[in-house]
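One structure below.
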Ligand code: FPP
């Protein structure tokens, strides 16, 4: 597909919502929707990589998801192990670099080891960076970054935006250019609160397991049509030169 590279976001962040409704429509348990959601994610990684997107960050499990029924939580944690054993080799061969962002202290040892393996196996890859937010919350991220600065004994006057950013979970990536949420809800839901300050927001009714290349292209077309000003009143900035990615 021919595409103007200037209009391609460097970093796309996605709230993958709608798995449960997707399954319900098919009279299937919610877990089935999450399972299909993993397959949709793997397809999306490939599609983003094919289009020249350099960073993809997805919300797989929020700090608030612990409030879900125990059975669903166990299913989602188990799905991590299934996803890593089913797809890690394939993603690694394609050059994908996997990073996990979030509080790992609360997940089971098995899940922690699976995430460690995913990061270790892909650490030297140079393709698209897939950051999976797991047990993540935007507010948690701000607090943990502040705690790191305090633990270092940094004087208040030395704390600025750049220094705080460098201690946040996504310090390895530029701020997202495009934030996509599937599933029809129009909210951020505590995802990347700090980093989405100037992201373009795109909401679609499409349920996550149905999010395919055509859906991605629709989001990218909407992004290409946006005027990014970053608080400035002047005319359109070229996308590739825009600060923060
Ligand atoms: C929201 O759908 C989705 C989640 C809470 C989980 C998202 C997880 C995946 C797509 C799987 C990725 C997993 C790994 C291991 C990378 P929902 O359950 O809120 O759906 P609903 O709004 O229709 O109820």
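Taken together, the values in this text are just the output of simple stated rules run on the coordinates, not laboratory data. If you're wondering where the values come from, they're calculated on a predicted model, not measured in any experiment. For neighbour counting, all protein chains shown are included, and Cβ atoms are generated from backbone atoms with ideal geometry for every residue, glycine included.
Annotation: region 120-196 has a Kirkwood hydrodynamic radius of 14.4 angstrom, from the mean reciprocal C-alpha pair distance.
Across the alpha-carbon atoms of the chain, the computed radius of gyration and Dmax are 18.0, 57 angstrom. Model label points for residue 213 and residue 70, set 7 angstrom from Cα along the Cα-to-Cβ axis, are 4.5 nm apart. Footprinting exposure proxy ranking of 121, 182, 74, fewest other C-beta atoms within 10 angstrom first, gives 74, 121, 182. Annotation: the residues 11, 172, sorted from fewest to most other C-beta atoms within 10 Å of their own C-beta, follow the order 172, 11. Listed by Cβ neighbour count within 10 Å, with the fewest neighbours leading, 210, 116 appear as 116, 210. Whole Å is fine, so just give me how far the alpha carbon centre of region 156-231 lies from that of region 1-77. Between the Cα centres of region 156-231 and region 1-77 lies a distance of 14 Å. The helix-only estimate of mean residue ellipticity at 222 nm for the chain, built from DSSP H runs of length n ≥ 4 each weighted as -39500 (n - 2.57), is -12500 deg cm²/dmol after division by the residue total.
Centre-to-centre separation between the Cα atoms of region 127-146 and those of region 79-123: 15 Å.
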